[in-house]
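Everything on this sheet refers to the single structure shown next.
The values are calculated or read from the model by the stated rules, or taken from the named source; none is laboratory data. These numbers come from a predicted model, not from an experiment. When we count neighbours, we look across all protein chains shown, and the Cβ atoms used for this are built from the backbone with ideal geometry, even at glycine. When the accessible area is computed, the model is the full protein with side chains, heavy atoms only, and any ligands, DNA or RNA have been set aside. Shrake-Rupley method; radii C 1.70, N 1.55, O 1.52, S 1.80 Å.
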Amino acid sequence: MKLTILGCSGSLGSPCNPGSSYVVSTEGNPDVVMDLGPGALAAMQERFNPSEAHVVFSHLHADHCSDAASLLVWRRYHPHAPARSRNRMLGPSYTPEHLGRLGSDGPDDINDISDTFEFAPWVSGEPVAFEGVTITPFPVVHPAAESHALRVQDNTTGRVLTYSGDTGFTQGLIDASTNADLLLCEAAWGPYPDGQPEGMHLTGAEAGVVAREAGVGTLVLVHIQPWSDAEATLAAAKTEFDGEVVLGRAGAVFEV
Ligand SMILES: [Zn+2]
Ligand SMILES: [Zn+2]
């Protein structure tokens, strides 16, 4: 499978990097996009067909789903290439209402998205099979209700990539990442602990510990805010993990 980073800026978009959004592609199958942060749809238009992709959400903080409202507009009203059938959507149980409010006309309105998406909620630990990949959600530790890390396995090759979503340090993320070929791991708290609240995000060093304990192949650090020191965060991860560690960037493609 191929992983394309549409954007991986932490907590908000930055000038050349949209908010969190990752496309998983397999030959001859619909793409699966994981999260749709601010600016993601603009990046998606460059290389993918937004009208033909399944959508899954790690959680529903705005920096992971705000472009879903724009995606609804594209799929419904694009004059030449609207969605011709429903795609699947997986996420927290309240996703339809949450996105329905994002795309609503007023305070009492909830836009019904069932015309263009067939929604089902994640059930922690239960795999969901798509055409090319199977995704298993693992509960993680984060303030947003029903936050998950997503373990993505190629149905043909068996290769695995794991996306941390947003999370504090938790065994759940290590379980989700066990022996993954690639781990997309958030590192929102900078290089090392510095008095940040618990149960919300990871430091670079903690991302390195997760990668080491899970035995992953390549660690890709993501969700680093525009104001953070990305190089110091990378260096901190490398003190804990001997394997390949790289910084995520918009447009990067990984063959997994
Ligand atoms: Zn986030
Ligand atoms: Zn979050």
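What the table shows:
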| read-out | value |
| --- | --- |
| Selected residue (criterion: nearest to the chain's Cα centre (by Cα)) from residues of the stretch 137-154 that are open to solvent by 20 Å² or more (accessible area, probe 1.4 Å) and away from ligand 2 (no atom under 16 Å from the Cβ) | Arg151 |
| Scan of the stretch 216-255 for residues that are open to solvent by 20 Å² or more (accessible area, probe 1.4 Å), in a loop (DSSP other than H, G, I, E, B) and of a type outside the set (Ser, Thr, Tyr), ordered by number | Gly217, Pro226, Trp227, Asp229, Asp242, Gly243, Arg249, Ala250, Gly251 |
| Condition check for Pro82: open to solvent by 10 Å² or more (accessible area, probe 1.4 Å) and either within 28 Å of Pro143 (Cβ to Cβ) or more than 12 Å from the chain's Cα centre (by Cα) (or both) | yes |
| Flag if Glu126 is acidic (Asp, Glu), within 16 Å of ligand 1 (Cβ to nearest atom) and modelled with pLDDT of 95 or more | no |
| The stretch 95-119 - residue that is of a type in the set (A, V, I, L, M) and either over 30 Å from Ala81 (Cα atoms) or over 17 Å from the mean Cα position of the chain (by Cα) (or both) and, of those, farthest from ligand 1 (Cβ to nearest atom) | Ile110 |
| Given (1) out of contact with any Lys or Arg (no Cβ under 8 Å at 6 or more places or on another chain); (2) within 16 Å of ligand 1 (Cβ to nearest atom); (3) farther than 20 Å from Leu150 by Cβ; (4) not small (Gly, Ala, Ser), index of the condition Asn17 fails | (1) |
| Flag for Gly28 being closer than 26 Å to Glu131 by Cβ, part of a loop (DSSP other than H, G, I, E, B), out of contact with any Lys or Arg (no Cβ under 9 Å at 6 or more places or on another chain) and open to solvent by 40 Å² or more (accessible area, probe 1.4 Å) | yes |
| Test: residue in the stretch 195-211 that is over 18 Å from the mean Cα position of the chain (by Cα), among the hydrophobic types (A, V, I, L, M, F, W, C) and closer than 25 Å to Ala62 by Cα | no |
| Tally of residues being within 16 Å of ligand 2 (Cβ to nearest atom) and open to solvent by 10 Å² or more (accessible area, probe 1.4 Å) across the stretch 1-13 | 3 |
| Residue check for Pro38: within 16 Å of ligand 2 (Cβ to nearest atom), within 20 Å of Trp74 (Cα to Cα), touching an Asp or Glu at 6+ places or on another chain (Cβ under 8 Å) and in a loop (DSSP other than H, G, I, E, B) | yes |
| Check on Leu36, in contact with a Cys (Cβ under 7 Å, 6 or more places away or on another chain), more than 20 Å from Gln153 (Cβ to Cβ) and open to solvent by less than 10 Å² (accessible area, probe 1.4 Å) | yes |
| Of the criteria (1) touching a residue at least 40 places away in the same chain (Cβ under 8 Å); (2) touching a Phe, Trp or Tyr at 6+ places or on another chain (Cβ under 9 Å), which one Thr157 fails | (2) |
